[in-house]
1. Between CYS19 and residues 5 or more places away or on another chain, which pairs have amide H atoms under 5 Å apart, with H built 1.01 Å from N, and which residues are they?
2. Simple spin-label model, 7 Å along Cα-to-Cβ: GLN69 to LYS37 in nm?
3. For the chain, what is the mean residue ellipticity at 222 nm derived from helices alone (per DSSP H run of n ≥ 4: -39500 (n - 2.57); sum divided by total residues; nearest 500 deg cm²/dmol)?
4. Would you mind working out the magnitude of the charge dipole of the chain relative to its Cα centre, with +1 at each Lys and Arg C-beta and -1 at each Asp and Glu C-beta, to the nearest 20 Debye?
5. When the C-alpha atoms of the stretch 23-84 are aligned to their principal axes, what extent does each axis show, in angstrom, from largest down?
6. Quick check on the stretch 1-49: take the gyration tensor over C-alpha atoms, sort the square-rooted eigenvalues as a ≥ b ≥ c, and tell me if it's rounded (a/c under 1.5), prolate or oblate.
Amino acid sequence: MEIQRGQVVRSICGRDKGCFLTVLGAEGPCLLVADGKRRPLERPKRKKPFHVAATNTVLGDAALQTNRQIRTALRPFGAQAGKT
């Protein structure tokens, strides 16, 4: 499965293991991901594609405009989205 902009992914490695994030884009071999709280749009996290598990959900560009919209879109995926 090809990971695309707006796709919701779950982190499977690192400090944010188990958290749901959304893909903002790609930078070289890494993905840029954010959750709107711990990782806002202003400083997205770089993660390698094999450190995330893709879901079937893709958020539209309208849901990726602000941190609040990202948090709202990720809320149904669980209490761990953006948890510190």
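Where a number appears in this text, it was derived from the coordinates with a stated rule and is not lab data. Source: prediction; values computed, not measured. Glycine gets a Cβ as well: all are built from the backbone with ideal geometry, and neighbour counts include every protein chain shown.
1. Here SER11 satisfy the definition.
2. Output for this residue pair reads 2.0 nm.
3. -2500 deg cm²/dmol
4. Taking the Cα centre of the chain as origin, the dipole is about 420 debye.
5. Between the extreme Cα coordinates on each principal axis of the stretch 23-84 lie 28, 25, 21 Å.
6. Note, shape of the stretch 1-49 comes out rounded.
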